[in-house]
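Working notes, beginning with the structure itself.
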Amino acid sequence: MYFRFTWVRPFWRTILVVLTPILFSPIPLAMNHAAARCGYVILIMAAYWMTEALPLAITALIPVFAFPLLGILSTGECCLVYMKETNMMFLGGLTVAIAVEHCNLHKRIALFVILHVGQSPRRLMAGFMLTTMFLSMWISNTASTAMMVPIVDAILVELYATRSKKQEENATAIDMSVTSGQNQLELSPAGENGVSDGHNAIDTNNHEVEKEDKITDEEIDAANAEVFRQRHIMRRALLLGVAYSANVGGTGVVTGTSPNLVLMAVLQDSFSEPTGLNFATWMAFNVPGMILCVILAWIWLQVLFMGLFRKQSPIQQSTPERTAAVRRLIRQKYKELGPMTHHEATVLTLFIILVLLWLFRAPEFVPGWSAWFKDAFEGVEVDDATPAMLIVTLLFILPARLNFWCFRNPKDPEPPQPSPACMNWQVVHEKIPWGVVLLLGGGFAMAEGANKSGLSAWLGDQLVAFDVMPKEAIVFVVSLMTAMLTEVASNTATASILLPVLKEMALNISVNPLYLMLPAAVCCSYAFMLPVATPPNAIVFSAANMKSADMMKAGFIMNIICVVVITVMINTLGVALFDLQHMPPWANSTINALN
């Protein structure tokens with residue numbers, strides 16, 4: 001039977017692409033209404049996304065032809081959602097992040113933090129994790145992870161050098177013995193006896209050295225094997241810590257990862273009034289939870305790999321010589337970067353300005369700067385994509401070097417040359433993940449079709465049965481279900497499918513929509529178990545040469561930890577920030593409009 005079906009393996013993608021629409025075809029045939037037809041398209045897309053039978057970006061384009069042909073959305077309505085304000089904000093934030101990578105500023109930040117956190121195994125792990133977490137908030141988690149892997153390897157070579165202290169002492173003893181024999185040869189009197197005595201002295205010393213060297217080789221081999229084992233364990237721990245921090249770090253800011261943007265887009269499309277969730281309040285809620293998850297991940301990895309609660313653990317220990325060698329290495333790599341260039345300073349300044357513009361656009365506790373334009377130009381709305389694109393434009397205008405006008409050295413013999421800008425289009429073209437832009441657009445189109453066809457409302461009605469459970473239990477179940485689903489499906493696809501349904505469910509059971517949607521969006525980034533779940537997992541899985549079972553064992557507990565943390569955070573800090581105990585006016589007005 002096995003040999004009979006081996007021919008299927010090379011063609012499984014083609015078979016799945018053809019059979020999936022056929023298998024789901026009874027749904028629109030049995031129920032001839034828009035919601036059923038929309039559900040049919042979403043099921044096909046979900047199957048393609050989870051199996052990757054088609055490239056993710058191509059699957060995201062299915063609504064452009066499927067929704068109009070099935071009478072769900074017109075072509076114009078469907079195409080418009082592929083480049084919404086949220087997608088423009090994503091492009092702007094990503095371009096600024098690429099500029100940070102382009103000028104090597106991210107490496108300077110990483111080495112600076114690791115240099116000042118400490119060089120013991122525990123402190124190194126904390127330094128790597130905190131640095132990766134911070135960088136992943138602003139640049140892609142793939143880039144932050146890929147940058148950290150070679151730094152981890154270089155530091156571990158110094159921390160766990162295979163030439164042990166015992167080996168150094170024995171090598172010194174051998175040198176001293178040979179030198180002593182040579183000195184005796186030189187100082188012996190001339191003549192037959194003198195020469196013979198000198199040779200005997202060397203032979204005797206060499207005999208002792210060979211005997212000692214034979215014993216030492218065995219001891220050195222054992223010591224080196226132990227050092228190699230320690231380095232292997234420490235490498236797995238550090239690399240897993242980097243992957244976990246990269247995944248968690250994306251939850252800290254709205255632009256950190258795609259599911260965050262999907263949530264903002266769903267809220268913006270569903271409610272006409274402000275929901276209270278913006279760049280500033282997102283950080284106020286998610287940054288404490290993000291830091292707590294990284295701290296708990298640090299503790300869990302020490303328990304798993306470093307024997308945190310054992311009295312003696314060789315992984316935790318490090319000799320002063322090794323610690324000093326690691327510090328010298330990090331300082332050397334930092335010095336190799338040289339002083340901060342004008343290019344780096346300009347990008348850093350623009351980056352800080354962009355973050356401040358996002359934070360104070362509409363901070364809620366005080367009127368934001370966007371209110372000035374709304375009052376001055378009769379209700380014109382200025383959203384987060386506007387400052388993002390302003391900073392991107394400045395990156396293409398401001399020079400990377402000051403080699404003109406009064407900034408030019410008059411003694412420079414070279415003719416003046418135009419300075420390149422801080423960013424060029426070739427870099428952006430190569431590094432922007434255009435497939436993710438389409439994936440976001442496909443998610444938005446899916447949500448729009450589900451909303452217009454009534455599918456989201458129907459699914460929300462079916463989930464009213466959860467009303468018998470305590471709200472805290474509902475949040476935990478939703479968060480855990482999302483975290484498990486995102487292990488096998490794209491986090492953007494998971495968010496696009498679940499968030500519109502959770503919105504309708506919350507409205508039907510009279511719960512603040514943020515109470516269910518915000519934890520679910522964050523949990524879309526909690527993929528720690530499988531190598532294929534996220535790019536950081538795949539990178540460290542390959543680099544550490546670990547088994548899938550090792551990653552699953554460590555990642556399962558990490559999933560549980562993060563789900564518990566987000567459940568606690570939404571019921572404490574979330575309640576205080578968003579008044580989640582009551583139905584907000586913006587949700588009540590939507591319910592009345594639907595009724």
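A few points about this structure:
- Candidates 275, 281, 251 - the one that is surrounded by fewer than 24 Cβ atoms within 10 Å (Cβ to Cβ) and at pLDDT 90 or above: 281
- Every residue from the range 334-362 that is in a helix (DSSP H, G or I), of a type in the set (Ser, Thr, Tyr) and under 15 Å from residue 399 (Cβ atoms): 346, 349
- Hits in the range 523-549 (condition: part of a helix (DSSP H, G or I), of a type outside the set (Phe, Trp, Tyr) and within 21 Å of residue 56 (Cβ to Cβ)): 523, 535, 536, 537, 538, 539, 542
- Taking every residue in the range 362-377 that is closer than 17 Å to residue 273 by Cα and open to solvent by 70 Å² or more (accessible area, probe 1.4 Å) and pairing it with any residue that is at pLDDT 80 or above and assigned to a helix (DSSP H, G or I), at least 6 positions away or on another chain, the pairs with Cβ-Cβ distances below 8 Å are 364/280; 364/281.
- Residues that are of a type in the set (A, V, I, L, M), in contact with a Cys (Cβ under 8 Å, 6 or more places away or on another chain) and open to solvent by less than 40 Å² (accessible area, probe 1.4 Å), drawn from the range 38-73: 72
- In summary, helices (runs of 4 or more DSSP H) completely within the range 74-131 and bearing 2 or more residues that are among the polar types (S, T, N, Q) and buried (at least 20 other Cβ atoms within 10 Å of the Cβ) occur at 85-102.
- So residue 302, is it touching a residue at least 12 places away in the same chain (Cβ under 8 Å), assigned to a helix (DSSP H, G or I), out of contact with any strand residue (DSSP E or B) (no Cβ under 7 Å at 6 or more places or on another chain) and surrounded by fewer than 18 Cβ atoms within 10 Å (Cβ to Cβ): no
- Residue under evaluation residue 579, criteria (1) within 22 Å of the chain's Cα centre (by Cα); (2) at positive phi, criterion not met: (1)
- Between 527, 533, the distinction of being at pLDDT 85 or above and closer than 25 Å to residue 475 by Cβ belongs to 527 only.
- Residue 184 vs. criteria out of contact with any His (no Cβ under 8 Å at 6 or more places or on another chain), at pLDDT 70 or above and assigned to a helix (DSSP H, G or I): no
- Among the conditions (1) surrounded by fewer than 24 Cβ atoms within 10 Å (Cβ to Cβ); (2) farther than 16 Å from residue 537 by Cβ, residue 505 misses just one, which is (1).
- Tally, over the range 333-360, of residues that are touching a Phe, Trp or Tyr at 6+ places or on another chain (Cβ under 9 Å) and open to solvent by less than 30 Å² (accessible area, probe 1.4 Å): 2
- The C-beta contact set for the range 150-164 (first residue at negative phi and assigned to a helix (DSSP H, G or I), second residue at pLDDT 75 or above and among the small types (Gly, Ala, Ser), distance under 7 angstrom, 6+ apart or interchain) comprises 151/110; 158/325.
Condition check ((1) without any contact (Cβ under 8 Å) to a residue 12 or more places away in the chain; (2) surrounded by 15 or more Cβ atoms within 10 Å (Cβ to Cβ)) across all residues:
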position: 531; (1), (2): no, yes
position: 538; (1), (2): yes, yes
position: 544; (1), (2): no, yes
position: 549; (1), (2): yes, no
position: 555; (1), (2): no, yes
position: 559; (1), (2): no, yes
position: 563; (1), (2): no, yes
position: 567; (1), (2): no, yes
position: 580; (1), (2): no, yes
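- Reported count of residues in the range 461-502, each being in a helix (DSSP H, G or I), charged (D, E, K, R) and either surrounded by 17 or more Cβ atoms within 10 Å (Cβ to Cβ) or at pLDDT 85 or above (or both), is 2.
- Filtered residue count, the range 383-392, keeping only those that are open to solvent by 20 Å² or more (accessible area, probe 1.4 Å) and assigned to a loop (DSSP other than H, G, I, E, B): 1
- Any hit, the range 5-20, residues being closer than 22 Å to residue 532 by Cβ, out of contact with any strand residue (DSSP E or B) (no Cβ under 8 Å at 6 or more places or on another chain) and open to solvent by less than 30 Å² (accessible area, probe 1.4 Å): yes
- The range 393-446 - residue that is closer than 23 Å to residue 82 by Cα and of a type in the set (Val, Ile, Thr) and, of those, modelled with the lowest pLDDT: 436
- Test: residue in the range 99-106 that is farther than 25 Å from residue 421 by Cβ and of a type in the set (Asp, Glu): no
The values are calculated or read from the model by the stated rules, or taken from the named source; none is laboratory data. Keep in mind it's a predicted model, so treat the numbers as computed, not measured. Because the Cβ atoms are built from the backbone with ideal geometry, glycine has one as well, and the counts that use them run over all protein chains shown. Areas reflect the complete protein model, heavy atoms only, side chains present, ligands, DNA and RNA absent. Shrake-Rupley method; radii C 1.70, N 1.55, O 1.52, S 1.80 Å.
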